[in-house]
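A.B. asks: Have a look at the structure that comes next, please.
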Amino acid sequence: MPILVETPVLSVSNLVVRYGAGCHVCQRSMEKNRCTACGTVWAVNNISLSVYPGEVLGIVGESGSGKTTLMRSLYFDFVPTAGKAVLSDYKGGQKNIWAASAAEQRLIKNNTMGMVYQNPVMGLRMNYSAAANIAEKIIAAGCRNAGKMTERAGELLEAVEIMTSRMSEAPKNFSGGMQQRVQISKALANNPALLLLDEVTTGLDLSVQAKVLDLIRKIKARYGISILLVSHDLAVIRMLADRTIVMLDGRIVESGLTDQILEDPQDAYTQQLVHSLI
């Protein structure tokens, strides 16, 4: 009997995000992720990864390791220098999303992916109501039915444990944790196949962090969504991720099942991370 291989929701191959022209000694004369000869910064340096259906893939690393650059490149906030990324829900997983037209990239952002930024200001219109923020995403996907948008906004806000009686309030009046939950509801508006979460608990009180992390677990269970989760905190990765990638200076230094990485880290930097968690 043939072995069935599951098709990834997302596959990234050889992603490079470089700031500077580069030179003939780049990669051989590096100080962390910066070329000492020409000054070029290799923010993301030849990264490849896959995310499978229903999986949470964690990406952990210190500040400046390239985690957020990777994430925002996937959401078309940054233009990659090189590389290929395909989504199973776009053109049958056959076309590089970074080679798509601007109109196609907007379509992908509004239908296939949802993004939750570390800073809610980047993901929300703070002076619009919570419901209007969600409706904006739904309208961008082509819906014009006000009744359906209101119903969907109420459903999503309830799913992230925000009272529907507050759906007409603006996020600027909400706490940081509530703003993140509105961002999550907006990201889920069009049932995306992939949810991108970038440092979603950073800056929140510990009790609020716990509530947001528990919410993410419930959303994964309820919607069966695939998640790419970026964090500098290995405790967050331990709680949520099935597999984990460890990044340092723009490169992947270790990857594997989260339990394996936590119990038996092989790379010196990963060992340092795990030791700091104990």
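The values are calculated or read from the model by the stated rules, or taken from the named source; none is laboratory data. Worth saying up front: this structure is predicted, and the values here are computed from it rather than measured. Neighbour counts are summed over all protein chains in view; Cβ atoms, including those assigned to glycine, are modelled from backbone coordinates with ideal geometry. Calculation scope for accessible area: heavy atoms of the full protein, side chains included, ligands and nucleic acids excluded. Shrake-Rupley method; radii C 1.70, N 1.55, O 1.52, S 1.80 Å.
A.B. asks: Tilt of helix 146-159 relative to the longest C-alpha principal axis of the chain, in degrees (0 to 90, nearest 10)?
C.D. replies: Tilt relative to the chain: about 60 degrees.
A.B. asks: Continuing with the same structure: Of all the stretches in the chain, which is the longest one without any exposed loop site, taking trypsin sites (Lys or Arg not before Pro) in a DSSP loop (any state but H, G, I, E, B) with at most 12 other Cβ atoms within 10 Å?
C.D. replies: 145-278
A.B. asks: Could you pull out every residue, at least 5 positions away or on a different chain, whose amide H is within less than 5 Å of the one on G250? Hs are placed 1.01 Å off N in the peptide plane, and Pro or chain starts have none.
C.D. replies: G66
A.B. asks: Let me ask you something else. With axes computed from alpha carbons, what is the tilt in degrees of helix 102-111 against the longest principal axis of the chain, rounded to the nearest 10 within 0 to 90?
C.D. replies: Between the helix axis and the principal axis of the chain, the angle is about 60 degrees.
A.B. asks: Post the alpha-carbon centroid distance, region 131-201 to region 238-274, in whole angstrom.
C.D. replies: 32 Å
A.B. asks: Would you mind classifying region 205-251 by shape? Square roots of the alpha carbon gyration tensor eigenvalues, ordered a ≥ b ≥ c; an a/c under 1.5 is rounded, otherwise it is prolate if a/b is larger than b/c and oblate if not.
C.D. replies: Oblate, because a/c is 1.5 or more while a/b does not exceed b/c.
A.B. asks: Explain nothing, just compute: Karplus ³J(HN,Hα) = 6.51 cos²θ - 1.76 cosθ + 1.60, θ = phi - 60°, for every residue of region 125-142 in order, whole Hz, x for Gly and Pro.
C.D. replies: Once θ is set to phi - 60°, the couplings for region 125-142 become 8, 5, 8, 7, 6, 4, 5, 5, 4, 5, 4, 4, 5, 5, 5, 4, 8, x Hz.
A.B. asks: For region 175-278, what proportion of DSSP beta bridges, expressed in % and rounded to the nearest 5, is antiparallel?
C.D. replies: If we restrict to bridges inside region 175-278, about 55 percent are antiparallel.
A.B. asks: Now a separate question. Compute the Cα gyration tensor for region 166-278, then decide on rounded, prolate or oblate, letting a ≥ b ≥ c be the square roots of its eigenvalues: rounded whenever a/c is under 1.5, prolate when a/b is larger than b/c in the other cases, and oblate in all that remain.
C.D. replies: prolate
A.B. asks: What base-10 log of the normalised intensity I(q)/I(0) is obtained for the chain from the Debye formula, alpha carbons as equal point scatterers, at q = 0.11 Å⁻¹?
C.D. replies: Ignoring solvent entirely, the Cα scatterers give -0.65.
A.B. asks: In the chain, what percentage of the DSSP-assigned beta bridges are antiparallel, given to the nearest 5?
C.D. replies: Here the antiparallel bridges make up roughly 55 percent for the chain.
A.B. asks: Quote to one decimal, in nm, the extra length available between L257 and T202 on full extension: 0.36 nm per residue of separation minus the C-alpha distance between them.
C.D. replies: 17.4 nm
A.B. asks: Then there is this: If contacts are Cα pairs under 8 angstrom and at least 6 residues apart, what is the relative contact order of region 1-160 in percent?
C.D. replies: 20 percent
A.B. asks: Calculate one ³J(HN,Hα) per residue across region 226-239 by plugging θ = phi - 60° into the Karplus curve 6.51 cos²θ - 1.76 cosθ + 1.60, and present them in order as whole Hz with x for glycine and proline.
C.D. replies: Result, ordered by residue: 7, 10, 9, 10, 9, 7, 8, 9, 5, 5, 5, 4, 4, 5 Hz.
A.B. asks: In the structure displayed, which of K67/K186; K148/K211; K148/K220; K84/K218 lie more than 26 Å apart, Cα to Cα?
C.D. replies: Table pairs above 26 Å Cα-Cα are K148/K211; K84/K218.
A.B. asks: Sequence gap at least 6, Cα distance under 8 Å: using those rules, report the relative contact order of region 68-169 to the nearest whole percent.
C.D. replies: 18 percent
A.B. asks: Output ³J(HN,Hα) for region 113-119: one whole-Hz value per residue in order, computed from phi by the Karplus curve 6.51 cos²θ - 1.76 cosθ + 1.60 with θ = phi - 60°, and x for Gly and Pro.
C.D. replies: For region 113-119, the Karplus curve yields 10, x, 10, 10, 7, 4, 9 Hz.
A.B. asks: Pairs of Cα atoms under 8 Å, at least six residues apart: use those to get the relative contact order of the chain, whole percent.
C.D. replies: 24 percent
A.B. asks: May I ask for the Rg/Rh ratio of region 96-232, computed from Cα atoms with Rh as the Kirkwood radius, given to two decimals?
C.D. replies: Across region 96-232, the Cα-based Rg/Rh ratio is 0.95.
A.B. asks: Of all accessible surface on region 42-167 at a 1.4 Å probe, what whole percent is carbon and sulfur?
C.D. replies: Answer for region 42-167: carbon and sulfur cover 49 percent of the accessible area.
A.B. asks: Taking the square root of 5 times each eigenvalue of the Cα gyration tensor, what semi-axes in Å does the equivalent ellipsoid of region 28-74 have, largest first?
C.D. replies: 26, 10, 9
A.B. asks: Let me ask something else. Using a 1.4 Å probe and ignoring any ligands, DNA or RNA, find the accessible area of S165 and quote it in Å² to the nearest 10.
C.D. replies: Accessible area of S165: about 90 Å².
A.B. asks: Also, I was wondering about something else. Taking every alpha carbon pair in region 1-89, what does the distance histogram look like in 5 angstrom bins from 0, in percent?
C.D. replies: Computed distribution, short to long bins: 3, 13, 21, 21, 17, 11, 7, 5, 3, 1, 0, 0.
A.B. asks: Using only the alpha-carbon atoms, what does region 49-104 span along each of its principal axes? Please give whole angstrom values in decreasing order.
C.D. replies: 34, 27, 17
A.B. asks: Shape of region 160-227 from its Cα gyration tensor (a ≥ b ≥ c, root eigenvalues): rounded if a/c is under 1.5, otherwise prolate when a/b > b/c, or oblate?
C.D. replies: Judged from the Cα gyration tensor, region 160-227 comes out oblate (a/c at least 1.5, b/c at or above a/b).
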